[in-house]
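Scroll down for the structure; my scribbles are underneath it.
The values are calculated or read from the model by the stated rules, or taken from the named source; none is laboratory data. Remember, predicted model here, so these are calculated numbers, not experimental data. Here Cβ is always computed from backbone atoms with ideal geometry, including for glycine, and neighbour counts include all displayed protein chains. Side chains included, ligands, DNA and RNA excluded: accessible areas come from the protein's heavy atoms. Shrake-Rupley method; radii C 1.70, N 1.55, O 1.52, S 1.80 Å.
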Amino acid sequence: MLGTFIIFLSLPTLDTTYASHLELNTTKLNDNMYVAQGSGGNVLLFIGNDGVILVDDQYAPVTKKLQSLISNLTNEPIKFVINTHLHPDHVGGNEKLGEAGAIIVSHDNVRIRLSTDHFFEFINMTIPLLSGKGLPIITFPQNMTFYQNEDEIKITHLDNGHTDGDSTVYFTKNNVIHVGDDFSDRSYPLMDLASGGSIDGLIG
Ligand SMILES: [Zn+2]
């Protein structure tokens, strides 16, 4: 998609202590869209009269920074958070943002995996389950479309690649896509095999 802004993996470090000391740097994409980048996954901010839509929400320790960054841009509340997959540098803000009223949305498998403690083989660490407010409350098996802020937002579940719950989020009118961790410009592709990742799926 020539000319499309592509929001993708910042190589995640899963050290949350380290993350708490990092700032989020914001880049304006257009009048309604920003990307916040820090120690883990990129956060896409879409602001409009219907409210704020986030794609991913970084590590838990930076949620306050993320909320204050958004409140400096708009008075609108965070209405939806769309998780591209289950990793803690993409869903870490879910609990606090869910408690504040945001509706968390993801592929079915993301909710299933976040509902229990899960082992991350590549960091040799068990990540505890998310509390009720942090879990996605709307899930989808394949695709979903949002009509918000005068855009048509297409969420597409991909074959098992980085994990078994990967989705891309394409803002068709703004011509911006968030591809989660299915693409990296900083490392070889990462397949989280314990979470259903697969080299064949990633190639696909
Ligand atoms: Zn990931």
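Table for the structure above
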read-out: Residue within the stretch 177-190 that is among the polar types (S, T, N, Q), farther than 22 Å from Gly92 by Cβ, within 14 Å of the ligand (Cβ to nearest atom) and outside any strand (DSSP E or B) present; value: no
read-out: Residue identified as within 16 Å of the ligand (Cβ to nearest atom), part of a loop (DSSP other than H, G, I, E, B) and open to solvent by less than 50 Å² (accessible area, probe 1.4 Å) among His85, His90; value: His85
read-out: Answer residue from the stretch 119-168, given it is touching a residue at least 60 places away in the same chain (Cβ under 8 Å) and in a helix (DSSP H, G or I) and is least open to solvent (accessible area, probe 1.4 Å) among those; value: Ile123
read-out: Long-range neighbours under 8 Å by Cβ, at least six apart or interchain, first residue more than 7 Å from Pro136 (Cβ to Cβ) and part of a strand (DSSP E or B) within the stretch 99-113, second modelled with pLDDT of 95 or more and among the basic types (Lys, Arg); value: Ile103/Lys79
read-out: Residue within the stretch 192-203 that is open to solvent by less than 50 Å² (accessible area, probe 1.4 Å), outside any strand (DSSP E or B) and within 30 Å of Asp50 (Cβ to Cβ) present; value: no
